[in-house]
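Novice: I'd like to ask some things about the structure below.
The values are calculated or read from the model by the stated rules, or taken from the named source; none is laboratory data. Quick caveat: nothing in here was measured; it's all calculated off a predicted structure. Quick reminder, even Gly has a Cβ in these numbers, built from the backbone with ideal geometry, and neighbours come from all protein chains shown. The protein model used for the area step is the full one, side chains on, heavy atoms only, and it has no ligands, DNA or RNA in it. Shrake-Rupley method; radii C 1.70, N 1.55, O 1.52, S 1.80 Å.
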Amino acid sequence: MAIPSNSDWLTHQWVVAGIVSASSRFIPVPFIDDLVREQCRRFVVSRTLHANEPTENVSLETLRPYYSSSDGCLTGCLGTLAKAPLKIILFPIRKVVAVVTSVRGVPLEIVKMVLLGRTLNRQLRDSPKKINNAYAMRMRMAFEDSFSGMDFRMVKAAMNDALSHVSGWKSSAMETARQAVARQDEAREPINAPKEVETGAQKVQEVLDRPEFADLFTEFDKRFDQRMIV
């Protein structure tokens, strides 16, 4: 896979974060799944920033609109409180759906984390002086729009096959996910993932290194760049 920095270790961190984030769908506790995904996105962005230091005046806070699902502390907290009763009521249904759709959802969550880091890596390389809160929001909108229009069937099949050969990755990733929720720093250090998660990440990286995936990610880059121009 063509990563701008040619940093396999950084790609590995993105993949590990993707596996941990994907495992949140199996955690039987309300709200934890959302918190895990948020923290994993934050980790991907923070780790990518760290790998590109110095990064002009770009900070984790500057990029919050790019990775965060909330619009700020007050708005985000109020929105969460308002939705809490409905989320609790619907949680059993949501969890069943999440488990049933995991064959599709797990690979998509992993590749989404990889593309989140990869796209930021390109922006930090090519347009660091443009990045502010407003630009980060444009990045988020362009990213989501581009991602939703991609055909990831090849990714789904290949990643599911790769992870099927790694026993225990799911339970290990769930435990790592619970630990990730407690992390409040900028996640500059690698995720301390157990052997099963590390092995799963290595298998996924082998999949992403296949030549056919280069065209897929190049197509995503083109879609993203076109939407950033508009």
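Novice: Quick check on the range 152-171: of everything there that is open to solvent by 80 Å² or more (accessible area, probe 1.4 Å) and part of a loop (DSSP other than H, G, I, E, B), which residue is farthest from V207 (Cα to Cα)?
Specialist: S167
Novice: Continuing with the same structure: Looking at this structure, is V20 open to solvent by less than 10 Å² (accessible area, probe 1.4 Å) and either at pLDDT below 80 or in contact with a Cys (Cβ under 7 Å, 6 or more places away or on another chain) (or both)?
Specialist: So V20 fits the description; yes.
Novice: For F147, all conditions in the list (1) modelled with pLDDT of 90 or more; (2) over 26 Å from L35 (Cβ atoms); (3) of a type in the set (F, W, Y) hold save one; what is the number of the exception?
Specialist: Unmet condition: (2).
Novice: Could you list all residues from the range 192-216 that are surrounded by 12 or more Cβ atoms within 10 Å (Cβ to Cβ) and of a type in the set (D, E)?
Specialist: E196, E198, D209, listed by residue number.
Novice: Going through the range 137-151 one residue at a time, which ones are part of a helix (DSSP H, G or I) and closer than 23 Å to E219 by Cβ?
Specialist: R138, M139, R140, M141, A142, F143, E144, D145, S146, F147, S148 - these are the residues of the range 137-151 that are part of a helix (DSSP H, G or I) and closer than 23 Å to E219 by Cβ.
Novice: Hey, among N192, N160, N133, which residue is more than 17 Å from S23 (Cβ to Cβ) and among the polar types (S, T, N, Q)?
Specialist: After applying the criteria, what remains is N133.
Novice: Then there is this: Which residue pairs have Cβ atoms closer than 7 Å, lie 6 or more positions apart in sequence or on different chains, and pair a first residue in the range 43-69 that is farther than 16 Å from N133 by Cβ and open to solvent by 40 Å² or more (accessible area, probe 1.4 Å) with a second residue that is part of a loop (DSSP other than H, G, I, E, B) and not small (G, A, S)?
Specialist: H50/R188
Novice: Let me ask something else about it. Return the pairs, sorted by first residue and then second, in which the second residue is small (G, A, S) and not in a helix (DSSP H, G or I), the first residue lies in the range 195-218 and is within 14 Å of H165 (Cβ to Cβ), the beta carbons are less than 6 Å apart, and the residues are 6+ apart or on different chains.
Specialist: Listed by first residue and then by second, the contacts come to E196/G168.
Novice: Right, next: Counting only residues that are among the aliphatic types (A, V, I, L, M) and open to solvent by 60 Å² or more (accessible area, probe 1.4 Å), which one in the range 217-230 is nearest to H12 (Cα to Cα)?
Specialist: Of everything passing the filter in the range 217-230, I229 is nearest to H12 (Cα to Cα).
Novice: Scan the range 119-141 residue by residue and report those that are more than 15 Å from S69 (Cα to Cα) and open to solvent by less than 10 Å² (accessible area, probe 1.4 Å).
Specialist: T119, L120, N121 - these are the residues of the range 119-141 that are more than 15 Å from S69 (Cα to Cα) and open to solvent by less than 10 Å² (accessible area, probe 1.4 Å).
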